[in-house]
Structures are given as C-alpha cells and as structure tokens.
Amino acid sequence: MSDVRLDLDEQPSQEELRQIVDGVRAYNHEAIGQPPPRAVASYLRDDEGRIVGGAHGELWGRSVHIAAMWVAESQRGKGHGSALLRAVEDYAAANGHSLAYVETTSFQARPFYESLGYRVFGELVGIDEDCTLFFLRKDLKVPMLQA
C-alpha cells in the first residue's frame, strides 16, 4: 500500500476540483446507474446578443437543480426571471423530470421562488451574520405520453 498525504489548498485548480466531482459522479453511477448531471440553460439577451439574464439547471434522475438564476438589474420587474425559470422547468418536465429544487439566501430571492410555486423544505440558519440559507422544491407536471 502506498503512502498518502493530506494537502489543504487555498487556491485549488479547476482540474483538481474536477477530479473530486468526477470521483463522486463515478461512485454515484456505479451505485445507482444514473449518468452525471446534464446542464440546461435559458438566456435573456439584449439587442447586441449580450446575456442580461439566465437560468441554469442541472438535470439528474427525476430532478432539476436550479444551480443559478440571474437577471440584470435593468431587466428586473418585467417578468423575465419567471420566464427564464419556467423555460428550464418546462424543458425538465418535458424530459421526465418531476421535481425542481433550488437554494437561496435570506437576502436573495425566496419570495420570487415562492411566487412560482416553490416551497421551503429546509433552512440553515447562521451561514453568515443575519443570513439563512433556504432550500425550496416544486413538483413539476410531467406531460402524459400519448399512445
């Protein structure tokens, strides 16, 4: 058996971080047969093609994790965030994913997600001073297959 050592790296490389994630995904695949998560995104672009908003989902199993959601300040309050999120949810549902979940902090977008049917299923108080992390979920309607 070879010797090993523990290293703590304050500035890990993307390649080293990828090795950790790939190791977890290989274990998961072997344990339950699911392929790695698959990214899907919707974008809001301005007249020059620049991204001014987007929703990033990760499809895995029967779920979609909303990994990131952002709309530029100048575009907020116009319904774009709802449309971006619904586009990812609709795609996920159309592909058999019946559950969406997201995390948000107390200073971010909890009311936004709740207005779209998400509900809190957990919270982690104290991740920073006066800050709570909320975990929310939403059941998606998967279309029935027609014969």
What about VAL64, is it over 27 Å from ASP47 (Cβ atoms) and either over 17 Å from the mean Cα position of the chain (by Cα) or without any contact (Cβ under 8 Å) to a residue 24 or more places away in the chain (or both)? no
May I ask you to verify whether LEU85 is modelled with pLDDT of 95 or more, closer than 27 Å to PRO143 by Cβ, open to solvent by 30 Å² or more (accessible area, probe 1.4 Å) and within 13 Å of the chain's Cα centre (by Cα)? no
Count of segment 23-48 residues which are modelled with pLDDT under 95, out of contact with any strand residue (DSSP E or B) (no Cβ under 6 Å at 6 or more places or on another chain) and outside any helix (DSSP H, G or I): 4
Being surrounded by fewer than 16 Cβ atoms within 10 Å (Cβ to Cβ) and of a type outside the set (A, V, I, L, M, F, W, C) is the filter here, so list the residues in segment 30-48 that pass it. GLU30, GLY33, GLN34, PRO35, PRO36, ARG38, TYR43, ARG45, ASP46, ASP47, GLU48
Condition met for TYR113 (open to solvent by less than 20 Å² (accessible area, probe 1.4 Å) and among the aromatic types (Phe, Trp, Tyr)): yes
When you go through (1) in a strand (DSSP E or B); (2) within 13 Å of the chain's Cα centre (by Cα) one by one for VAL52, which number turns out not to apply? (2)
Taking the condition at pLDDT below 95 and surrounded by 11 or more Cβ atoms within 10 Å (Cβ to Cβ), does PRO12 pass? no
Can you tell me which residues in segment 54-73 are open to solvent by 80 Å² or more (accessible area, probe 1.4 Å) and among the polar types (S, T, N, Q)? none
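Condition check ((1) within 23 Å of GLY53 (Cα to Cα); (2) open to solvent by 40 Å² or more (accessible area, probe 1.4 Å); (3) modelled with pLDDT under 95) across all residues:
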{"residue": "HIS80", "(1), (2), (3)": "yes, yes, no"}
{"residue": "HIS97", "(1), (2), (3)": "no, no, no"}
{"residue": "THR105", "(1), (2), (3)": "yes, no, no"}
{"residue": "TYR118", "(1), (2), (3)": "yes, no, no"}
{"residue": "GLY126", "(1), (2), (3)": "no, yes, no"}
Boolean, ILE51 is modelled with pLDDT under 95 and surrounded by fewer than 13 Cβ atoms within 10 Å (Cβ to Cβ): no
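The values are calculated or read from the model by the stated rules, or taken from the named source; none is laboratory data. Since this is a predicted model, take the numbers as computed values, not measurements. Using ideal geometry, Cβ is built from the backbone for each residue, glycine included, and neighbour counts are taken over all protein chains shown. Just the protein is used for accessible areas: all its heavy atoms, side chains included, with ligands, DNA and RNA removed. Shrake-Rupley method; radii C 1.70, N 1.55, O 1.52, S 1.80 Å.
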